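Comments concern the structure below.
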Amino acid sequence: MWASREVPGSKSLWCDMRIIGGSARGRKLITDTGLETRPTAERTREALFNILMQNVPGACLLDVFSGSGAVCAEALSRGASYTAAIDISRTAVDIIKKNTALKGIEGKCVVYHGDWAHILPGLKCVFDIVYIDPPYRLTDVYGKVFRELVRCSLIGKDSIVVTESEKSLPEDTIPEARLTDERRYGKAVLGFWRIKEV
């Protein structure tokens, strides 16, 4: 879910989004019809976590453009030990807090309000999985986020960085990384990246 921009007069609603698997399977998630968000489709989210099935239990996950927090909630439901979510919208941050406070997954998500470039330098965890899903038009942000993750020592050689984009990203989009896998689900393309070995 990409970072959100608030629209005046917006109102939060329960919607058809839900957690797909794990201990909180079937629980509904909140979104806000007044936020200009593009929720990660359930099919895409299900495919993502099926691919990462062996990596999620016990993992630390970072969602850089979190929106509704659905990726964090799904990860916690499937056994992640800790998640962190970043979003620039105050309304989105409030929604993320609600979605990650559902019974069974509560207390394991730290939510940060602000721009990713200001938040990342203050984080101390080495994340096993990082999800980067900015507005599709911002094609240059993937490399910028990845470089900051490396600079701040927030990912290691075994970390998996997942990008969601509208089109396949050229491998030189993130020069410091190698693309290990790529899958298309409807309008979304998931790329799986790791730090290049020197």
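Read-outs throughout are calculated quantities, based only on the coordinates presented, and are distinct from any laboratory measurement. Computed from a prediction, not measured in an experiment: that's the story for all the values here. Please note: Cβ atoms are built from the backbone with ideal geometry, for glycine as well, and neighbour counts cover all protein chains shown.
Taking all pairs of different Cα atoms in the range 12-195, averaging 1/r and flipping that mean, what Kirkwood radius in angstroms comes out? Its Kirkwood hydrodynamic radius stands at 16.2 Å. Look at the dipole of the chain built from charges on Cβ: of A84, L190, A101, the Cα furthest out on the positive end belongs to A101. Rounded to the nearest 10 degrees, the angle from helix 141-151 to the longest Cα principal axis of the chain is 70 degrees.
Modelled label positions at T180 and S153, each set 7 Å beyond Cα in the direction of Cβ, lie 2.2 nm from each other.
Between 0 and 90 degrees, the angle of helix 90-99 with respect to the longest Cα principal axis of the chain falls at about 80 degrees. Of the beta bridges in the chain, as assigned by DSSP with both residues counted there, near 50 percent are antiparallel. Between the C-alpha center of the range 92-118 and that of the range 120-149 there is a gap of 17 Å.
Working from Cα positions, state the angle (0 to 90°, nearest 10) between the long axis of helix 42-51 and the longest principal axis of the chain. Roughly 40 degrees between the two axes.
With a Förster radius of 30 Å applied to the beta-carbon distance between Q54 and L138, the computed FRET efficiency rounds to 0.45. In terms of distances greater than 32 angstrom between alpha carbons, the cross-link table entries K144/K187; K97/K196; K98/K196; K124/K187; K108/K157 yield K97/K196; K98/K196; K124/K187.
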